[in-house]
1. Output the pairs from A:113/A:181; A:110/A:181; A:191/B:103 with a Cα-Cα distance over 21 Å in this structure; if there are none, say none.
2. Quick one: B:102, B:194, fewest Cβ neighbours within 10 Å first, how do they rank?
3. If you take all C-alpha pairs in the stretch A:59-213, what percent of them are over 25 Å apart?
4. Where does the charge balance sit around residue A:89 when Lys and Arg score +1, Asp and Glu -1, over other residues with C-beta under 9 Å from its C-beta?
5. Once you charge only the Cβ atoms, +1 for Lys and Arg and -1 for Asp and Glu, what is the size of the charge dipole of the stretch B:147-213 about its Cα centre, to the nearest 20 debye?
6. Please arrange A:207, A:101 by counting, for each residue, the other beta carbons lying within 10 Å of its beta carbon, fewest first.
Number of protein chains: 2
Amino acid sequence: SKKTQKLSDRATFTTLTFEIFTPFVMSRSRGDPNWLKPRGVEQRNEGLRWLREHRRASLGGASEQGIVYFADDDNTYSLQLFQEMRNTQKVSVWPVGLVGSMKYESPMVKGGKVVGFHTGWRPSRPFPIDMAGFAVSLHLILSHPDACFDGDAPQGFLESSLLHGLVTMDELEPRADNCTKVLVWHTRTEKPKMKREEALQAQGLGSDPAVEV
Amino acid sequence: SKKTQKLSDRATFTTLTFEIFTPFVMSRSRGDPNWLKPRGVEQRNEGLRWLREHRRASLGGASEQGIVYFADDDNTYSLQLFQEMRNTQKVSVWPVGLVGSMKYESPMVKGGKVVGFHTGWRPSRPFPIDMAGFAVSLHLILSHPDACFDGDAPQGFLESSLLHGLVTMDELEPRADNCTKVLVWHTRTEKPKMKREEALQAQGLGSDPAVEV
């Protein structure tokens, strides 16, 4: 979108953006709670499709090196998190703070292996892990060409719909000191107050619309 | 505080923390709105005092090189901001997004000079600039040993109480493309929901209190 383009114009790293519309049937209708349908499914799947098309040219070569992480604008990330995911062989996992109406959700680790999940809701899901709580090696994405997100998955099963096609619980790689450190938080942002802005705009003295905020 | 110490333990850069108590008369009483008295005054002044004590040993030498910026945990910073403030001679200034009940507040710039301020409230203040909207060269701090924050300043005048002792409007150095780019936002954080956490804690299954979130 225009907004994404402007964000990437300001990024200090190389970005590549696509404009992908949300299909009408997936859109939020007036009055729908915002969790009625999974969001961002087409966009993430398009990301996976792009990787499969552009990065498999030289199979097994350097173009297969990389880590895939689904970041989002309502999370806060410690830079340390990106170090933790660097050595992902298949799928790395770690705790996510302030998510799922919990202090944190996290894989439970015993002897260096994930043996279950600390979550407040449906712990029986195959992978009760927030989108911010895992990263996948590019190699695994390329070697499983059909794995993708399922937009028809019931609430809370979107992450599982990708992961169950890629990995077993036993293969998950716990990071962040065996999942004891929280390095990403689902902070969200407080709705900003705009009373003075509105008052000034009414007088024709509002903020310059050309300045991106 | 214990919290600050834990944050700095996780930082990827060198930190030095002090425990400074808020004087009782400055504390927020039950029922006070949170803006009744300026917050963090003693703490920021202690930071200035520390710099003056420890960095003036070799006057004019390399120990005077540095930039002083008062960061806060309810803001979001673009890494680019820290590049912008690097060449501060006296005091650098730039816009701050989502602050003061405005889309943004900003110095107004003409011919490379600050000539006024875009703000929704008391534009007549000497420096109507949010704490996140300026940085000061260490050299200036050291050469003005009495400049500090005044805890008795009226609401909105805390930044002015420091800056008027250091600089004139004419000397302000506009950054961020002549104050046309927003690189810091007063985002604040949405109050996290904790319903499932509370339910699990009631069953003795709450999150591990040893995990810092």
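Read-outs throughout are calculated quantities, based only on the coordinates presented, and are distinct from any laboratory measurement. Predicted model only: the values in this text are computed from it and were never measured. For neighbour counting, all protein chains shown are included, and Cβ atoms are generated from backbone atoms with ideal geometry for every residue, glycine included.
1. In this structure, not one pair exceeds 21 Å between Cα atoms.
2. Details: B:102 27, B:194 17.
By the 10 Å Cβ count, ascending, the order reads B:194, B:102.
3. Summing the P(r) tail past 25 Å for the stretch A:59-213 gives 39 percent.
4. Within the 9 Å Cβ shell, the charges total -1.
5. The dipole of the stretch B:147-213 has a size of about 500 debye.
6. A:101, A:207
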